[in-house]
Amino acid sequence: MVVESTATGEDEDESMDVDVPDAEKTSQKSAQFEAKAALGGKGRVAADSVQLLRGHSAPVFLCAWCPSASNVLATGAGDGTARIWDLSQQSSSDGKQAMVLRHDSESADGNSSRVDVTSIVWNEQGTLLATACFNGQLRIWTAKGELKQSLRQRYVPIIAMRWNRKGSYLLSAYLDGTVAMWDVSLGQLRQEYKAHVGCVLDVDWMDNSTFASCGSDRAVKVWRENDSSAPIKTFTGHKSDINSIKWHPGGRYLASASDDGTVKIWSMTGDNSQQPVQDFFGHSQQVYLVRWLPRADKAIVASASFDGNVRVWDVHSKACIRVLAAHTKAVDCLSFSADARYLATGAFDKKVCIWNVKDGSLEKTYLADDAVHDVQWAPKGKVAAAIASSNIAVFDPLVNN
């Protein structure tokens, strides 16, 4: 499937623990959570508490909070622009104060083109924003919206990007099966990896020099910075495109999500390290996204599927501990809060749902005016939702909780 769309807290406060039911109780509890979801949880987000950001002229696909400034939000859309919004400015909602980062550029045939922004990502320091678009153009901006670098390796769509933790290297994943590693300080290509046969659909760093990639060839591969000749590990077992991968906050596991409807968990250690540590079955359609609970002492991962459900899996108990079933259409985005207490999910049914991680209950629901393509928690509690109508909704779902 070719569609683009961590905190590692170690607080031992029991209030943050996840209730993990035993195997006999799992199905019963899942049914209870589904019933709660059908009733709408504890209420809807009030319309007058939502800040709508207007300015894009096409569907908004992406949003990303600045790690170092809780009121700064970046967005990317199908109008050929990314924008940086400062929500501390009272007039930010009308778009007049947003910094517009344009991706109008020449295509391979010399014609001017305006293409979808396919990926946006801040470095961990919050000082640089990388944006990429469908024509293969990659740009690096300062937090003030100043263009720092314009990089291009080929006229091929970029599907995903990731910074390493130091902010020294940036990965870009391409539709032609290639991954490029950029040295941002030099503005130069560091390495090029012929990673996959077909498309590269996602990449993620394990540490500052090791990363994983996945693609339409049904493989997950692990690479080192200084060796592009061959991967150090190749994980196989999925039966269709692998849409999403994510390393565990402690680096112990790698989760993958596939069009085959499964989630697989991999490990770099052990005698059979090329086989999955765990196979999770339960979704009835494609699994689009996986994200770990942001706690290094836990091994809990959430998956979003086109079957309309979000499932929460515990690697240690080898079980599905939650079925979050409030959505009626494909779920294409999810995000844990930084304190690991809540999970936000967004879907084509126009809803954003806020779930309590501890017991799986539905806390709040926000109804947008169109499909929700991305949802992200800010470091200090607000949620941003990128909407197909060209707007971005920002709200604090816990303000009355």
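The values are calculated or read from the model by the stated rules, or taken from the named source; none is laboratory data. Since the structure is predicted, the reported quantities are computational estimates derived from the model, not experimental observations. All Cβ positions, even for glycine, are placed from backbone atoms using ideal geometry, and neighbour counts span all protein chains on display.
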Problem set entry | Selected residue (only one of S185, S172 is over 21 Å from W292 (Cα atoms), more than 20 Å from the chain's Cα centre (by Cα) and among the small types (G, A, S)) | S185
For this session: Among residues belonging to the range 324-357 that are in a strand (DSSP E or B) and touching an Asp or Glu at 6+ places or on another chain (Cβ under 6 Å), point out the one that is surrounded by the most Cβ atoms within 10 Å (Cβ to Cβ).
Result: I354
Exercise. If you take the residues in the range 259-298 that are in a loop (DSSP other than H, G, I, E, B), under 18 Å from A219 (Cβ atoms) and hydroxyl-bearing (S, T, Y), which one is modelled with the lowest pLDDT?
Worked result: S273
For this session: Just need a number here: residues in the range 327-364 that are within 21 Å of A393 (Cα to Cα) and more than 20 Å from the chain's Cα centre (by Cα).
Result: 4
Seminar exercise, completed: Those residues of the range 269-295 that are under 21 Å from Q376 (Cβ atoms) and among the hydrophobic types (A, V, I, L, M, F, W, C) come to a total of 5
For this session: Out of the residues in the range 203-258 that are among the basic types (K, R) and either within 17 Å of the chain's Cα centre (by Cα) or assigned to a loop (DSSP other than H, G, I, E, B) (or both), state the one that is nearest to Q285 (Cα to Cα).
Result: K239
Exercise. Pick from Q191, Q153: which is farther than 26 Å from Y288 by Cβ and either in a loop (DSSP other than H, G, I, E, B) or in contact with a Phe, Trp or Tyr (Cβ under 6 Å, 6 or more places away or on another chain) (or both)?
Worked result: Q153
Seminar exercise, completed: In the set D79, D19, the lone residue that is more than 26 Å from E363 (Cβ to Cβ), modelled with pLDDT of 50 or more, outside any strand (DSSP E or B) and among the acidic types (D, E) is D79
Seminar exercise, completed: Across the range 366-401, the tally of residues that are among the β-branched types (V, I, T), farther than 17 Å from G78 by Cβ and surrounded by 19 or more Cβ atoms within 10 Å (Cβ to Cβ) stands at 3
Problem set entry | In the range 40-76, residue nearest to W122 (Cα to Cα) [restricted to those that are at pLDDT below 95 and aliphatic (A, V, I, L, M)] | A69
